[in-house]
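Every number here is computed from the coordinates shown, using simple stated rules; none is lab data. Here the structure is a predicted model, which means the values were calculated and not measured. Here the Cβ positions follow ideal geometry from the backbone for every residue, glycine too, while neighbour counts run over all protein chains shown.
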Amino acid sequence: MSGDSLRSFVHALPKVELHVHLVGSASVDTVLALARRHPAAGVPTDRAELERFYAFRDFDHFLRVYWAVQSMLTDRHDIRLLVTGLAAELARQNVRYAEVTVTPYNHLLDGMAGEELLSGLTEGRALAAVEHGVDLAWCFDIPGEKGVRAGRETLLFALRERPEGLVAFGLGGPEVGVGRAMFEPFFTAAREAGLHSVPHAGETTGPATVWAALHDLGAERIGHGTSATADPALLAYLAEHRIPLEVCPTSNVATRQVPSIAAHPVRRMLDHGVVVTLNTDDPPMFGATLEGEYLAVATELGLGRAELAGLAANAVRASFLGEERKTALLREIEAVAAAR
């Protein structure tokens, strides 16, 4: 398939995004608007200067940019801008649905009122559907580095407020030194309340963290799971139990978990029958797009049209959409695959 033909095919596939962080999704345009609204934050308000600041250099610089964006989110208007900016970018890539990770504890810790966060999410979600044709759902996640208190407060906020579109409960942040088991009571309560378990695991640590996410947190999907290929028994378990991995290849290269896309274990995961979905994590901050992830694995790992369509279908099946909507999207994917 030629380059243009491949790009056209990937664009035509109806896509679903399952692992994207709301703060990390902020585009240069969105950050520019936020910086001009909040000049005291010290983020560049000149586009060229901001583009230089925003260009990925290394992981430490990524964190600086991430927390700079976080510092400018003060009310519902900022959150709504973030949500609608994400929706516009998803729509440009023919992404129909996304489950977006939101970390309420960080916003509340920064002084944002809970009702402001919720209003921004609700208003932004409505605009995303009407103006961009993109359906959004939420995963409220625990910033693991902030410990048990963050777990408790995230759970209480999620169950007390339960905004429309909240479908999942997650765990993010650093993995090293942050055991999964300490968050077991919060995940148990979340699952009992009907939320799905989607913790990060195996991104910066080994397979043991993935096992802990499965056994201690009842994970229904694994965020990243990059290191799972180091354990054949884990690969077999994931394949047998059809537990999807939310794989973010460009992010894994940027954070130096893998040296290159060509060295990424996506192909090995697929060869072992694991349900792989492609995602972007913190897309503009890593220079990623969802279409770009599909193109990268196609060109670097030799995936063909049928395999790309299979990845798109995996994401639909792994999502928490209703069965009717899943069926409709799967039929669209089949039609695109058959027509090209």
Item to check | Candidates Pro39, Pro265, Pro249: whichever shows maximal mean-square fluctuation once the chain is modelled as a Gaussian network with Cα springs under 10 Å | outcome: Pro39
Checklist entry - Of Phe320, Phe187, Phe169, which is the most mobile in a GNM of the chain whose springs link Cα atoms less than 10 angstrom apart? => result Phe320
Item to check | Dipole of region 250-336, positive direction: furthest Cα of Leu308, Val297, Gly273, with charges on the beta-carbon | outcome: Gly273
Item to check | Percent breakdown of C-alpha pair distances by 20 Å bin, ordered from the shortest bin, for the chain | outcome: 32, 61, 6
Checklist entry - What is the magnitude of the charge dipole of region 28-121 about its Cα centre, with +1 placed on the Cβ of each Lys and Arg, -1 on the Cβ of each Asp and Glu, and no other charges, expressed in debye to the nearest 20? => result 220 debye
Checklist entry - Taking the Cα centre of region 236-315 as origin and charging only Cβ (+1 Lys, Arg; -1 Asp, Glu), how large is the dipole, in debye to the nearest 20? => result 160 debye
Next on the checklist: So if I place +1 on the C-beta of Lys and Arg and -1 on the C-beta of Asp and Glu, and nothing else carries charge, what would the dipole magnitude of region 3-339 be about its Cα centre? I want it in debye, nearest 20.
Outcome noted: 120 debye
Next on the checklist: Tell me which of Val148, Tyr66, Leu330 sits at the most positive position along the dipole axis of region 3-339, charges placed on C-beta atoms (Lys, Arg +1; Asp, Glu -1).
Outcome noted: Leu330
Checklist entry - When the helix-only estimate is applied to the chain (DSSP H runs of n ≥ 4, each -39,500 (n - 2.57), divided by the residue count), what is the mean residue ellipticity at 222 nm, nearest 500 deg cm²/dmol? => result -16500 deg cm²/dmol
Checklist outcome for this item: The farthest towards the positive end of the charge dipole of the chain, of the residues Ser260, Gly165, Thr103, given +1 on Cβ of Lys and Arg and -1 on Cβ of Asp and Glu, is Ser260
Checklist outcome for this item: Rounded to the nearest 0.05, FRET efficiency between Glu131 and Glu164 (Cβ-Cβ, R0 25 Å) equals 0.90
